[in-house]
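**Q** This is the structure, below, for whatever I ask next.
The values are calculated or read from the model by the stated rules, or taken from the named source; none is laboratory data. Owing to the predicted nature of the structure, the values given are computational and were not obtained by experimental measurement. No Cβ is skipped: glycine too gets one built from the backbone with ideal geometry, and neighbour counts run over all protein chains shown. Just so you know, the surface numbers come from the protein's heavy atoms only, side chains and all, with ligands and any DNA or RNA stripped out. Shrake-Rupley method; radii C 1.70, N 1.55, O 1.52, S 1.80 Å.
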Amino acid sequence: MPANILVVEDEPAIQELIAINLEHAGHSVLRALDAEQAARMVREVLPDVVLLDWMLPGQSGLAFARRLREDERTRSIPIIMLTARGTETDKIAGLESGADDYITKPFSPRELVARIKAVLRRRSPQLTDEAVEVSGLRLDPITHRVSAHDMQLDLGPTEFRLLHFMMTHPERVHSRTQLLDQVWGDHVFVEERTVDVHIRRLRKSLESSGHDHLIQTVRGSGYRLAAVS
Ligand code: CA
């Protein structure tokens, strides 16, 4: 599934090369030339991944990564550091600053795209296009279909995203606020009870195959998708 990727790189030629390759791979690219510009963009829209050059004019990529990790809102955005440095010490400093991965320049565009996919799969499995299956319930992000055994289930777009997120994070309890952030998106102001409405619709859609019981209400906390029926 396509992701929104913020590329923070001060060398225009490299920025262009990265952007072309990521767009070719189906992603949307936001570009920033330094940490301040990147910080402004992140305040507006949370990206799914930040590709961050280490050596930037002004605040370094390393310091910006730490800044993202210190803020509750941006804490869990996956970060991939890009750098010409390749020594062990630098690698460790990069990972300690909160980066999820590290790519040394020069890199191949294919490697970059593959690393982004790996980070997305690890950190935000609902953003990848791999089919997921839980207890006989199968969701395919490419065909946008949900099936149980040989039966096609009919889901609305919000219920589909909600189920995708819950199936890729099974057994965990999600609060209504977390579900709003993850499924409806950041900076979207909807009431928490909207979540309850869509959970109800989702259960209804799963009733025909008997999978509605997978969606559990955790009193006082939120909702969970049970991995075992
Ligand atoms: Ca640079």
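**Q** For Glu11 and Arg69 in the same chain, what is the full-extension length gain: residue separation times 0.36 nm, less their Cα-Cα distance, in nm? Display every interim value, and only then the final one.
**A** Details: separation 58, 0.36 × 58 = 20.88 nm, distance 2.46 nm.
Extra length available between Glu11 and Arg69 comes to 18.4 nm.
**Q** Please state, to two decimals, what the Cα-based radius of gyration of the stretch 132-225 comes to when divided by 2.2 N^0.38 Å (N = residues).
**A** Details: Rg = 12.5 Å, N = 94, 2.2 N^0.38 = 12.4 Å.
Rounded to two decimals, the normalised Rg is 1.01.
**Q** Give the long-range amide H neighbours of Tyr102: residues separated by 5 or more places, or on another chain, with amide H under 5 Å away, using H modelled in the peptide plane at 1.01 Å from N.
**A** Amide H to amide H, under 5 Å and 5 or more residues apart or across chains, Tyr102 pairs with Met81.
**Q** Out of the stretch 131-210, which trypsin sites (Lys or Arg not before Pro) are coil in DSSP terms and have no more than 16 other C-beta atoms within 10 Å?
**A** On the way: sites: Arg138, Arg145, Arg161, Arg172, Arg176, Arg193, Arg200, Arg201, Arg203, Lys204; in loops: Arg172.
For trypsin sites (Lys or Arg not before Pro) across the stretch 131-210 that sit outside H, G, I, E and B with at most 16 neighbouring Cβ atoms in 10 Å, the list reads Arg172.
**Q** Moving on. Collect residues whose amide H, placed 1.01 Å from N in the peptide plane, falls under 5 Å from the amide H of Leu56; neighbours closer than 5 in sequence don't count.
**A** Residues meeting the amide H criterion: Gly61.
**Q** Also, I was wondering about something else. For the peptides 122-128, 88-94, what is the packing order when you average, over each peptide's residues, the other Cβ atoms within 10 Å and list the highest mean first? Intermediate values should be presented prior to the final figure.
**A** Values: 122-128: 17.3, 88-94: 14.3.
Order by mean packing, descending: 122-128, 88-94.
**Q** Additional query: Positive end of the charge dipole of the chain (Lys, Arg +1 and Asp, Glu -1 on Cβ, about the Cα centre): tell me which of Ala99, Trp184, Leu22 has its Cα farthest that way.
**A** Trp184
**Q** Ignoring ligands, DNA and RNA, please state the percent of accessible area on the stretch 9-151 from carbon and sulfur, probe 1.4 Å.
**A** Numbers: 3800 of 7370 Å².
Of all accessible area on the stretch 9-151, carbon and sulfur atoms account for 52 percent.
**Q** For the chain, set up a Gaussian network in which alpha carbons nearer than 10 Å are linked by springs, and say which option among His213, His27, His164 fluctuates the most.
**A** His213
**Q** Taking H placed 1.01 Å from N in the peptide plane, check which residues at least 5 places from Leu153 or on another chain put their amide H under 5 Å from its amide H.
**A** Excluding prolines and chain starts, which carry no amide H, the hits are Val146, Ser147, Ala148.
**Q** Quote the charge dipole size of the stretch 4-127 about the Cα centre in Debye, to the nearest 20; the model charges only the Cβ of Lys and Arg (+1) and of Asp and Glu (-1).
**A** Once rounded to the nearest 20, the dipole reads 420 debye.
**Q** Could you work out which residue, out of Ala118, Ala99, Ala35, moves most in a Gaussian network model of the chain, that is, has the largest mean-square fluctuation with Cα springs under 10 Å?
**A** Ala118
**Q** Another question, if that's okay. Express in whole angstrom the spacing between the alpha-carbon centres of the stretch 4-32 and the stretch 124-142.
**A** 27
**Q** If you take every DSSP beta bridge whose two residues both sit in the stretch 2-159, what share of them, in percent to the nearest 5, is antiparallel? Each step should come with its number before you reach the end.
**A** Working: 10 of 27 bridges.
Bridges in the stretch 2-159 that DSSP calls antiparallel: roughly 35 percent.
**Q** Compute the accessible area per residue over the chain, keeping the other protein chains in place, probe 1.4 Å, unit Å².
**A** Details: 11830 Å² over 229 residues.
Ligands and nucleic acids excluded, the result is 52 Å² per residue.
**Q** List the GluC sites (Glu not before Pro) within the stretch 113-201 that DSSP assigns to loop and that have no more than 16 neighbouring Cβ atoms inside 10 Å.
**A** On the way: sites: Glu130, Glu133, Glu159, Glu171, Glu191, Glu192; in loops: Glu130, Glu171, Glu191, Glu192.
Of the GluC sites (Glu not before Pro), the ones in loops of the stretch 113-201 whose Cβ has at most 16 other Cβ atoms within 10 Å are Glu130, Glu171, Glu191, Glu192.
**Q** Which percent of Cα-Cα pairs in the chain sits in each 5 Å bin, short to long?
**A** P(r) for the chain, in whole percents per bin: 1, 6, 14, 17, 16, 13, 11, 9, 7, 4, 1, 0.
**Q** Loop only per DSSP, at most 12 neighbouring Cβ atoms within 10 Å: give me the chymotrypsin sites (Phe, Trp or Tyr not before Pro) in the stretch 127-229, ordered by residue number. Kindly include the intermediate steps, with their values, before the conclusion.
**A** Working: sites: Phe160, Phe165, Trp184, Phe189, Tyr223; in loops: Phe189.
Answer in residue order: Phe189.
**Q** Shape call for the stretch 4-127 from the C-alpha gyration tensor, a ≥ b ≥ c root eigenvalues: rounded (a/c under 1.5), prolate (a/b greater than b/c) or oblate? It would help to have the intermediate numbers written out before the result.
**A** Details: a/c = 1.15, a/b = 1.04, b/c = 1.11.
Verdict is rounded for the stretch 4-127.
**Q** Ok, one more. With the dipole of the stretch 75-161 worked out from charges on the C-beta (+1 for Lys and Arg, -1 for Asp and Glu) around the Cα centre, which of Val146, Gln126, Thr89 lies farthest toward the positive end?
**A** Result: Thr89.
**Q** Another question, then. Taking the Cα centre as origin and putting +1 on Lys and Arg beta-carbons and -1 on Asp and Glu beta-carbons, what dipole magnitude results for the stretch 132-225, to the nearest 20 debye?
**A** Details: 12 positive and 13 negative charges, 42 e Å.
For this selection, approximately 200 debye.
**Q** Where the only charges are on Cβ atoms (+1 Lys, Arg; -1 Asp, Glu), what is the dipole of the chain about its Cα centre, to the nearest 20 debye? Let's see the in-between values first.
**A** Working: 29 positive and 34 negative charges, 120 e Å.
Magnitude of the dipole: close to 580 debye.
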